[in-house]
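Notes for the one structure printed next.
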Amino acid sequence: MTLTEDQKAQKEADKQTLQDIKKYGEARFITMMVNYMDSSVKTRRKGLHVSNLVYPSLRKGYFEYLDQLNNNGRTNSAGMTEESLITLFMGQKFHEESLTPNHELGMEYKIIGGPLVYGTLDDMIMTRSRIVIFDKKTMKTTRTHPLPDYPNEHHRTQIEYYSVMLKAAKFIVSCKDCNKSWLSNFKPEACSWCNKPEALSIGEAPSCEGRDFFGEVIYIGVGLTRKSKGVPFKIDVNKAEMSLNEKLIAIGKALETGIPPSAEYGWWDDYASEFYIASRLLDAGEANWRDYLPFDPTKQVDSNVR
Ligand SMILES: [Zn+2]
């Protein structure tokens with residue numbers, strides 16, 4: 001069968017149209033994920049978060065904290081690879097659904113000499129004898145890296161720190177203006193979201209007294225294996241409290257002196273690669289290390305440390 005000149009031209013035009021439609025659909029899809037990720041970053045409170053404190057390198061968390069305070073609403077999702085975008089997008093979507101009545105429970109925690117730290121646990125149940133904190137983690141599984149039998153150190157630490165904040169909570173705070181409520185170990189003077197003092201109502205937090213703490217990471221395989229696996233563990237809250245407080249004091253001291261806490265290098269630097277070079281220069285005693293940070297650390301004025 002031979003095509004006429006007209007048919008050939010039509011076929012060529014259709015091919016071009018399909019190419020255009022393909023590009024359009026793909027671009028819209030990626031943009032949808034970027035916008036979604038950026039909007040969820042914007043709803044995060046500015047300040048120190050538990051996630052800044054879970055890696056062995058405290059310097060990473062310190063730089064992340066300063067960077068966040070210095071960069072007004074900067075969002076990074078557009079710079080991500082498509083693979084990271086899809087993985088993180090799925091992770092965020094899983095987090096929208098609740099496992100327990102205590103879903104996305106916000107908490108504030110403050111000790112003397114350290115900055116205020118925020119944390120939002122995924123899910124929690126409290127029975128007469130125990131408290132279980134759940135955290136969902138998506139994981140890119142491969143043939144050599146199946147879902148783990150034990151929680152990753154930083155996942156475990158994150159849940160342990162939530163347990164400290166939960167146990168320390170004395171007040172349940174709600175803001176009528178923001179329609180948000182959270183637990184706190186101190187009586188706040190104003191809403192930490194909108195800064196309005198008048199919209200706050202403060203009540204007593206439920207007591208965790210006499211209960212054992214457990215954690216469970218729900219791993220969700222989004223690579224080779226599409227399976228989920230719960231990995232539970234018991235929490236020593238007193239030990240976790242000492243660890244969290246030590247880190248907060250160290251960050252408080254760093255904020256006061258301007259001397260960053262010590263660094264430990266590892267795979268986690270890939271998640272904050274923008275601080276890596278400055279950190280190496282600092283360790284090498286180079287005076288110009290600040291020039292290599294994505295923000296100006298000397299401009300930092302911190303009102304959270306007292
Ligand atoms: Zn508010």
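With the range 155-244 as the region, which strands (runs of 3 or more DSSP E) entirely inside it contain at least 3 residues that are within 13 Å of the ligand (Cβ to nearest atom), over 30 Å from T87 (Cβ atoms) and more than 23 Å from the chain's Cα centre (by Cα)?
Here the list reads 200-204.
For the range 157-186, give me each residue that is among the polar types (S, T, N, Q) and free of Cβ contacts under 8 Å to residues at least 60 places away in the same chain.
Start the filter on the range 157-186 by keeping residues that are among the polar types (S, T, N, Q), which leaves 157-158, 163, 174, 179, 181, 184-185.
Residues satisfying the conditions are S174, N179.
Tell me the residue from T225, T142 that is of a type in the set (S, T, N, Q) and surrounded by 15 or more Cβ atoms within 10 Å (Cβ to Cβ), please. Steps first, please.
On the way: T142 fails: surrounded by 15 or more Cβ atoms within 10 Å (Cβ to Cβ).
Only one candidate passes the filter, namely T225.
Residues checked against (1) in contact with a helix residue (DSSP H, G or I) (Cβ under 9 Å, 6 or more places away or on another chain); (2) free of Cβ contacts under 8 Å to residues at least 40 places away in the same chain; (3) within 25 Å of L248 (Cβ to Cβ); (4) surrounded by 13 or more Cβ atoms within 10 Å (Cβ to Cβ):
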site: R59; (1), (2), (3), (4): yes, no, yes, yes
site: F63; (1), (2), (3), (4): yes, no, yes, yes
site: L66; (1), (2), (3), (4): yes, no, yes, yes
site: N71; (1), (2), (3), (4): no, no, yes, yes
site: G79; (1), (2), (3), (4): no, yes, no, no
site: F89; (1), (2), (3), (4): yes, no, no, yes
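Taking the conditions exactly as written (under 30 Å from L66 (Cβ atoms) and either surrounded by 15 or more Cβ atoms within 10 Å (Cβ to Cβ) or in contact with a Cys (Cβ under 6 Å, 6 or more places away or on another chain) (or both)), does A169 satisfy them or not? Walk me through it before giving the result.
On the way: under 30 Å from L66 (Cβ atoms): yes; either surrounded by 15 or more Cβ atoms within 10 Å (Cβ to Cβ) or in contact with a Cys (Cβ under 6 Å, 6 or more places away or on another chain) (or both): yes.
Considered against the rule, which asks whether it is under 30 Å from L66 (Cβ atoms) and either surrounded by 15 or more Cβ atoms within 10 Å (Cβ to Cβ) or in contact with a Cys (Cβ under 6 Å, 6 or more places away or on another chain) (or both), A169 comes out as yes.
Name every residue in the range 129-144 that is under 23 Å from the mean Cα position of the chain (by Cα) and not β-branched (V, I, T), in order of residue number. Working first, answer last.
Residues of the range 129-144 under 23 Å from the mean Cα position of the chain (by Cα): 131-141.
Scanning the range 129-144 gives F134, D135, K136, K137, M139, K140.
Within the range 40-57, which residues are surrounded by fewer than 16 Cβ atoms within 10 Å (Cβ to Cβ) and in a helix (DSSP H, G or I)? Break it down stepwise before answering.
Taking the range 40-57 as the starting set, the residues that turn out to be surrounded by fewer than 16 Cβ atoms within 10 Å (Cβ to Cβ) are 41-44, 46, 56.
Of everything in the range 40-57, those that are surrounded by fewer than 16 Cβ atoms within 10 Å (Cβ to Cβ) and in a helix (DSSP H, G or I) turn out to be V41, K42.
Considering only residues that are of a type in the set (K, R) and touching a strand residue (DSSP E or B) at 6+ places or on another chain (Cβ under 6 Å), which ones fall in the range 98-146? Lay out the reasoning, then the answer.
Filtering the range 98-146 down to residues of a type in the set (K, R) leaves 110, 128, 130, 136-137, 140, 143.
R130, K136, K137, listed by residue number.
Each reported figure results from applying straightforward, stated rules to the coordinates on display, with no laboratory input. Small disclaimer: the values here were computed from a predicted structure and weren't measured. With ideal geometry, Cβ positions are generated from the backbone for all residues, glycine too; neighbour counts draw on all protein chains shown.
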